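Derivation of every value follows stated rules applied to the coordinates shown; laboratory data play no part. Worth saying up front: this structure is predicted, and the values here are computed from it rather than measured. In this analysis, Cβ positions are derived from the backbone assuming ideal geometry, glycine residues included, and neighbour counts consider all displayed protein chains.
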Amino acid sequence: MKKIVFYFLLLVFCLSCEEPVIFKDDELSLPKQEYTGKELKIDGYYYIKFNNIFEVFFLYKDGIITYAGTIPIEDLSEREKRFQNGEFYNHIKNIKFFWGVFNIKNNQILYERWCPSEPPYRTYVREGNIINDTTFVITKLYRMVNGKKTEESELNEVYHFKQFSPKPDSTNKFIK
């Protein structure tokens with residue numbers, strides 16, 4: 001009988017919690033800041049090209065960055081149609097790892113987003129330099145834990161700009 005009461009109380013406790021502590025996602029360490037600068041164009045998307053694969057990101061005036069996925073070059077025009085017609089946004093609006101924030105100071109860019117994995121989701125910061133208003137290079141990747149950089153590594157990711165409109169919406173439930 002004691003076991004039944006114990007498991008019942010444990011179940012009630014777990015159900016009363018919003019989210020079990022063992023499954024708590026990382027919080028973003030970068031603040032969300034409106035982007036009013038001219039360092040980078042934001043009327044389109046940025047991509048990294050790996051052979052015939054594009055990894056696409058949207059930057060928004062409200063400081064949001066949206067990961068738009070890894071896209072084979074032969075599928076890019078079809079994906080762009082999905083960006084424009086709202087289908088892509090409807091797919092990602094409730095999936096946390098598509099969202100993050102970016103900050104620009106002087107000629108430096110930082111962006112942080114949740115990365116796809118099994119929950120709990122971890123956030124990683126990418127940091128780099130702006131070359132011109134259509135190109136930036138990410139040189140560092142790290143995770144912030146208790147205000148300290150961890151899991152640091154060097155990168156050389158060159159992001160190029162492509163003008164594109166209309167962009168998917170940046171509204172999401174994860175970043176206020």
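Things worth noting here:
- For residue 138, the conditions (1) farther than 15 Å from residue 103 by Cβ; (2) over 13 Å from the mean Cα position of the chain (by Cα) are fulfilled apart from (1).
- Residue identified as among the acidic types (Asp, Glu), in contact with a Gly (Cβ under 9 Å, 6 or more places away or on another chain) and closer than 20 Å to residue 52 by Cα among 157, 80: 157
- Summed over the stretch 90-106, residues that are out of contact with any Cys (no Cβ under 7 Å at 6 or more places or on another chain), over 16 Å from residue 60 (Cβ atoms) and surrounded by 13 or more Cβ atoms within 10 Å (Cβ to Cβ) total 3.
- Any chance residue 87 is closer than 13 Å to residue 169 by Cβ, surrounded by fewer than 16 Cβ atoms within 10 Å (Cβ to Cβ) and without any contact (Cβ under 8 Å) to a residue 60 or more places away in the chain: yes
- Pair list, Cβ under 7 Å, 6 or more apart: the stretch 141-153 residue within 16 Å of residue 25 (Cα to Cα), other residue outside any strand (DSSP E or B): 143/122; 144/29
- Residue in the stretch 118-125 that is crowded, with 16+ Cβ neighbours inside 10 Å, more than 21 Å from residue 154 (Cβ to Cβ) and within 18 Å of the chain's Cα centre (by Cα) present: yes
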